[in-house]
1. Looking at (1) surrounded by fewer than 17 Cβ atoms within 10 Å (Cβ to Cβ); (2) of a type outside the set (S, T, N, Q); (3) in contact (Cβ under 8 Å) with a residue 40 or more places away in the chain, find the lone condition where V239 falls short.
2. Considering only the stretch 177-198, state which residues are of a type in the set (A, V, I, L, M, F, W, C), assigned to a strand (DSSP E or B) and farther than 16 Å from S36 by Cα.
3. Could you figure out which of (1) farther than 26 Å from Y41 by Cβ; (2) in contact with a helix residue (DSSP H, G or I) (Cβ under 6 Å, 6 or more places away or on another chain) isn't true of S64?
4. Among the listed residues A179, A207, A214, A189, which satisfies the condition of being within 27 Å of W110 (Cα to Cα), open to solvent by 40 Å² or more (accessible area, probe 1.4 Å) and of a type in the set (G, A, S)?
5. Report, ordered by the first and then the second residue, all pairs with beta carbons closer than 9 Å, sequence separation of six or more or different chains, a first member in the stretch 155-180 that is closer than 23 Å to Q217 by Cα, and a second member that is at pLDDT 90 or above and among the charged types (D, E, K, R).
6. Out of the stretch 144-176, which residues are in a helix (DSSP H, G or I) and open to solvent by less than 70 Å² (accessible area, probe 1.4 Å)?
7. With the requirement that a residue be assigned to a helix (DSSP H, G or I) and in contact with a strand residue (DSSP E or B) (Cβ under 8 Å, 6 or more places away or on another chain), what does the stretch 114-125 give you?
8. Here are some residues: E105, E79. Which one is of a type in the set (D, E) and in contact with a strand residue (DSSP E or B) (Cβ under 7 Å, 6 or more places away or on another chain)?
Amino acid sequence: MTRVEALHWERRPTDLRAPVLVAAFRGWNDAGEAASFAVGYLQATLEATTFATVPPEDFFDFQSHRPRIHIENGELKDEISWPTIEILTTKPAPERNLILVNGIEPSMRWQTLCNAILDMAVDLGAEMIVTLGALLADVPHTRPVRVSGLSSPPDLIDPLGIRRPDYQGPTGIVGILHAMAAARGLRAASLWAAVPHYVGAAPSPNAALALLRATQQVAGLTIDLADLERAVTHFEEQVDEAVQRNNQATSMVSELERAYDADLDQPFGPIPTGDAIAAEFERFLRDRSEGESDAPAPGEGV
């Protein structure tokens with residue numbers, strides 16, 4: 001049996017300062033693209049550079065994640081764009097470097113890939129593994145984003161004061177990576193943001209901001225979030241405008257606000273049932289099979 005090399009190394013990072021690995025995967029783990037948005041913001045703000053990639057041939061089903069081509073006037077332009085996962089290092093933030101894992105959730109060989117990522121993290125001296133995810137929930141966009149999480153050891157996320165979920169059901173690669181890190185005895189935190197279901201088709205900068213604020217606190221980072229905070233203000237204004245144009249949407253948001261406010265004694269709200277997660281997974285697979293399309297502008301999901 002041919003051995004699969006999970007990582008293609010372009011270079012080996014050196015002189016990393018107390019690194020923390022932060023990972024997100026586009027797909028089912030990533031409602032509103034919040035988790036991948038958060039890692040992408042770190043990537044841009046901290047001038048991250050790629051040092052390794054995941055070979056697409058061994059980890060992706062190309063009928064589900066199709067390569068993309070660019071044709072102009074009957075001629076091929078650029079190289080074929082394959083589904084990919086990048087692994088990058090950043091400049092210090094400023095206390096420590098980050099190792100970022102950012103890409104599409106792979107179709108197969110999750111254990112092989114997670115083992116390779118964790119081997120790499122240990123080899124580079126990572127002090128913590130932070131995985132980010134986002135889920136659709138019955139929450140209003142007019143209230144603070146609810147973040148929930150779990151960690152190993154359990155007290156790692158105590159400073160965040162966030163809700164610790166109860167859940168049984170299907171999971172994505174984010175759950176597998178966290179579980180395998182915990183099984184190795186590594187310090188690991190898994191942070192999840194709740195995205196309003198009625199805007200889940202659009203990128204959610206507010207959920208990304210909530211994830212980054214939680215990541216800063218749990219990993220001991222200082223990150224300039226000003227650009228993202230401005231994007232959140234613009235996003236919320238767009239959603240407000242869209243909601244106000246639709247009486248049914250206005251009533252729905254009011255009901256969600258009442259339910260949110262009534263649940264302040266449990267500030268991070270209920271976690272969806274296994275059946276609800278399974279239904280969302282089926283919807284995700286169905287939408288993906290119909291082909292990729294451009295994301296709508298914020299508010300179009302209302």
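1. V239 satisfies all of (1) surrounded by fewer than 17 Cβ atoms within 10 Å (Cβ to Cβ); (2) of a type outside the set (S, T, N, Q); (3) in contact (Cβ under 8 Å) with a residue 40 or more places away in the chain except (1).
2. Answer for the stretch 177-198, where residues must be of a type in the set (A, V, I, L, M, F, W, C), assigned to a strand (DSSP E or B) and farther than 16 Å from S36 by Cα: A188, A189.
3. For S64, the failing item is (2).
4. A179
5. Pairs that qualify, where the first residue is closer than 23 Å to Q217 by Cα and the partner is at pLDDT 90 or above and among the charged types (D, E, K, R), are L156/R187; I162/R146; R163/R146; V174/D30; V174/E105.
6. Result: L156, I157, L160, I173, V174, G175, I176.
7. Those that are assigned to a helix (DSSP H, G or I) and in contact with a strand residue (DSSP E or B) (Cβ under 8 Å, 6 or more places away or on another chain): I117, L118, M120, A121.
8. Just a single option satisfies the conditions, and that option is E105.
The values are calculated or read from the model by the stated rules, or taken from the named source; none is laboratory data. This one's a predicted model, so the numbers in the text were calculated from it and none came from an experiment. We place every Cβ from the backbone using ideal geometry, glycine too, and count neighbours over all the protein chains shown. Only protein heavy atoms, including side chains, enter the accessible area calculation; ligands, DNA and RNA are left aside. Shrake-Rupley method; radii C 1.70, N 1.55, O 1.52, S 1.80 Å.
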